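Please read the structure below before turning to the comments.
Where a number appears in this text, it was derived from the coordinates with a stated rule and is not lab data. As the structure is a computational prediction, the values presented were derived from the model and not from experiment. Glycine also receives a Cβ, built like all others from the backbone with ideal geometry; neighbour counts cover every protein chain displayed.
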2 protein chains.
Amino acid sequence: MKLTSKGRYAVMALVDLARFDTINPVSLRDISLRQGISLDYLEQIFSKLKRNQIVKSTRGNQGGYVLSKKPNEIKLTNILSAVDEKVKTVQCKKESKKGCNGKATKCVTHNLWDELETHINTFFEKKSLQDLLKNKSERVN
Amino acid sequence: MKLTSKGRYAVMALVDLARFDTINPVSLRDISLRQGISLDYLEQIFSKLKRNQIVKSTRGNQGGYVLSKKPNEIKLTNILSAVDEKVKTVQCKKESKKGCNGKATKCVTHNLWDELETHINTFFEKKSLQDLLKNKSERVN
DNA sequence: TCTAAACTTGACCATTTTAGTCAGGTATGT
DNA sequence: ACATACCTGACTAAAATGGTCAAGTTTAGA
């Protein structure tokens, strides 16, 4: 199972983007500063988001990124899979042909992880960027 | 988020144990052979399971491990947390005092991961070893 | 009592993943 | 032209993963 900072950064950055892209493209530099994420790392992430048509870019001065869809049309599944955070739990080796661990049977936990995977995916399927915009940033304290 | 082979092995081994411990303690060697898990690795895992009172051990010849509770009393949460598979998603740095990423506010995704965590934990809370014993091992094909 | 089976502990390690950095681009508005 | 901002690929330190190895201790049974 993979769910790391990269996925979190992607979501954070997109929420930030959704809040500021009403008029002009938003530069990664701004997002970097506001969210405290390394600019270089953001570029890697946005490169993937772009490949997956989640954002559009404008080059040059005053350029930046814009969402390619409305916030409520962008599901978290889309975001996470775009940055290669496969919500795949533990894969049994060569599960396709043989059973797990080279046995002739599926391992007893096989269905379990499948179930969990579905469970999590459903969670991310229901949530959209829009949902995250609502509870904005809460003050600590 | 951590959910790796160690957790899967722990569950697999305990299901195996639950099936065979009716009379005598089950040796790790047997589990190792049946489940195709390295014996040395199993020892590490069972050391943790023992520390967390999930299994009891008998040393010496004919020794081995036995469940310390009934299969329906052992929830998957117990197993996974015993082997340090913290179902903790992404933690924001120093979230306690300051906000995330050193900002004064919680990051926008903070509540999201909290929610997910709860979501997953609920899943594991409901499942017991007993549940896994039912759908035994299915043949591939 | 001897010995083999089985648990116990801790150190060690190769590989992979993570979370970036760095260096060099290219495109474009002003 | 030049600053800004996107774009790309190579590189890397540190951590996690999935083990192995070595050296025990304990106890049943011959």
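Observations on the structure shown:
- Amide H partners (placed H, <5 Å) of B:Val55, local residues excluded: B:Lys50, B:Ser68
- Exam field: A:Lys126 pseudo-label spacings to other copies (7 Å along Cα-Cβ), nanometres: 1.1
- Ascending distances from the B:Ser68 label point to its copies in the other chains, with the point 7 Å along the Cα-to-beta-carbon line: 5.5 nm.
- Stokes-Einstein D in µm²/s, Kirkwood radius over Cα pairs - the range A:43-90 at 37 °C with 0.692 mPa s viscosity: 283 µm²/s
- If only the Cβ of Lys and Arg carry +1 and only the Cβ of Asp and Glu carry -1, the dipole of the range A:36-80 around its Cα centre is close to 240 debye.
- Here is how far apart the B:Thr4 label points are across copies: 1.1 nm, shortest first, using a point 7 Å from Cα toward Cβ.
- Listed residue pairs exceeding 28 Å between alpha carbons, taken from A:Lys126/B:Lys126; A:Lys86/B:Lys126; A:Lys126/B:Lys6; B:Lys48/B:Lys127: A:Lys126/B:Lys6
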